Amino acid sequence: MKSVLNYKLLKESRANKHLSLRALSFMVAEHLGKKISRQALHSYESGKNTPSVEVLRALLKVLEIDPKKLLNGTPVTIPCER
């Protein structure tokens, strides 16, 4: 089954912001309140793993990605933060 996530967009958005995986990991960790490794981020960018909703929400904020673009136009509801 093909994934709904546009993994290529994650890497492109990071590159457009001139962020290394390390810098992105710090920024995402700040939003999450816990650490996330560069290796985990790389695995999301390469499509080897899928981020949790919590991590996905942080990536969308940090990289300023439109959820519809990241989700290839698939209608998906991402739960709001509480």
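Yes or no: the range 25-43 includes at least one residue that is surrounded by 12 or more Cβ atoms within 10 Å (Cβ to Cβ), touching a Pro at 6+ places or on another chain (Cβ under 6 Å) and assigned to a helix (DSSP H, G or I).
Checked the range 25-43: no residue is surrounded by 12 or more Cβ atoms within 10 Å (Cβ to Cβ), touching a Pro at 6+ places or on another chain (Cβ under 6 Å) and assigned to a helix (DSSP H, G or I).
Out of the residues in the range 38-82 that are at pLDDT 90 or above and of a type in the set (D, E), state the one that is nearest to the chain's Cα centre (by Cα).
E45
Taking the residues in the range 1-18 that are in contact with a Leu (Cβ under 8 Å, 6 or more places away or on another chain) and not hydroxyl-bearing (S, T, Y) as candidates, determine which candidate is nearest to P51 (Cα to Cα). Steps first, please.
At the first step, the residues of the range 1-18 found to be in contact with a Leu (Cβ under 8 Å, 6 or more places away or on another chain) are 4-6, 9-10, 13-14, 17.
Then drop every residue that is not not hydroxyl-bearing (S, T, Y), which leaves 4-6, 9-10, 14, 17.
Numbers: V4: 12, L5: 10, N6: 12, L9: 14, L10: 11, R14: 16, K17: 20 Å.
Once the filter is applied, the top-ranked residue is L5.
The values are calculated or read from the model by the stated rules, or taken from the named source; none is laboratory data. As the structure is a prediction and not an experimental result, all values here were calculated from the model. In this analysis, Cβ positions are derived from the backbone assuming ideal geometry, glycine residues included, and neighbour counts consider all displayed protein chains.
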